[in-house]
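Here the structure is laid out as structure tokens; the discussion comes afterwards.
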Amino acid sequence: MSPKPPPSPEQLALRKCLGSFPTGVAVITYDSPEGPRGATVNSFVSVSLDPALVLVSIAKTARSREGLDNASFAVNVLGAHQDDIAMHFAGRPSASLRVPWHQDTDVPRLRECAAWLQCTPWRSVEAGDHILFIGQVVAYGHDAADPLIFHAGAFRTEKPANRHSRLPSPVDRLDRHRDLELWSDAGSSNQFVPA
């Protein structure tokens with residue numbers, strides 16, 4: 001397999017734009033002749049409830065692509081405390097990390113995740129430089145753990161602020177009376193002008 005060419009400036013700009021959308025982080029795990037394997041992804045979505053289907057997008061050049069062909073797999077939605085697991089399965093393994101595998105499961109699965117779904121292969125679809133693996137959910141579970149989030153090229157673990165603790169917007173900070181005077185073409189007015 002030849003090395004993948006570097007992304008063009010247009011592709012980098014598109015990647016940055018797409019990175020504006022926060023996503024969860026999952027590790028897709030599957031069995032291989034060498035033992036359990038996995039790949040970190042943020043391109044995981046639910047597809048259907050009837051039948052129960054989920055989709056994961058894997059680059060054609062990824063090592064996991066061949067391992068997922070017609071294979072059962074598990075989607076392990078990582079918790080906020082599992083950024084080390086995300087990095088490990090993203091190709092940056094740590095020698096000191098002990099992967100928390102569940103024992104005695106039909107498909108390799110990670111412990112301590114926010115959620116997990118066990119899937120059998122349903123269909124795969126070629127889409128540009130990726131393969132979309134659609135799996136039928138045959139078992140699942142979830143915990144109350146906060147999820148690990150990926151946004152703007154970095155992992156995030158903080159909870160979103162509630163609407164009462166958010167920073168005021170520039171409009172909220174304005175002295176509306178003074179600024180309405182400045183914005184008005186007619187000059188100063190004591191009447192309220194809706195924004």
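Kindly identify region 86-128 as rounded, prolate or oblate by the Cα gyration tensor criterion: order the square roots of the eigenvalues as a ≥ b ≥ c, call it rounded if a/c is under 1.5, otherwise compare a/b with b/c, prolate if a/b is larger, else oblate.
Values: a/c = 2.60, a/b = 1.33, b/c = 1.95.
Note, shape of region 86-128 comes out oblate.
Using heavy-atom solvent-accessible surface (probe 1.4 Å) with all chains present, what is the largest-first order of H151, H142?
Working: H151 60, H142 155 Å².
The most accessible residue leads, giving H142, H151.
Mind jotting down the distance between the C-alpha centroids of region 34-75 and region 119-143, whole Å?
With region 119-143 and region 34-75 each reduced to a Cα centre, they are spaced 5 Å.
Of the accessible area of region 1-58, with the probe set at 1.4 angstrom, what percent is carbon plus sulfur? Provide the component values of the computation, followed by the final result.
Numbers: 2470 of 3860 Å².
The value for region 1-58 is 64 percent carbon and sulfur by accessible area.
Using protein chains only and a probe of 1.4 angstrom, how many square angstrom of L14 are accessible, to the nearest 10?
100 Å²
Using a 1.4 Å probe, how large is the accessible area of I134, given in Å² and rounded to the nearest 10?
For I134, the solvent-accessible surface is approximately 20 Å².
Using R₀ = 22 Å, calculate the FRET efficiency as 1/(1 + (r/R₀)^6) where r is the Cβ-Cβ separation of E34 and N70; round to 0.05.
The formula returns an efficiency of 0.80 here.
The values are calculated or read from the model by the stated rules, or taken from the named source; none is laboratory data. Bear in mind the structure is a predicted one, so any value in this text is a computation, not a measurement. Reconstructed Cβ throughout: ideal geometry from the backbone, glycine too, with neighbour counts over all protein chains shown. Ligands, DNA and RNA are excluded from the accessible area calculation, which covers all protein heavy atoms including side chains. Shrake-Rupley method; radii C 1.70, N 1.55, O 1.52, S 1.80 Å.
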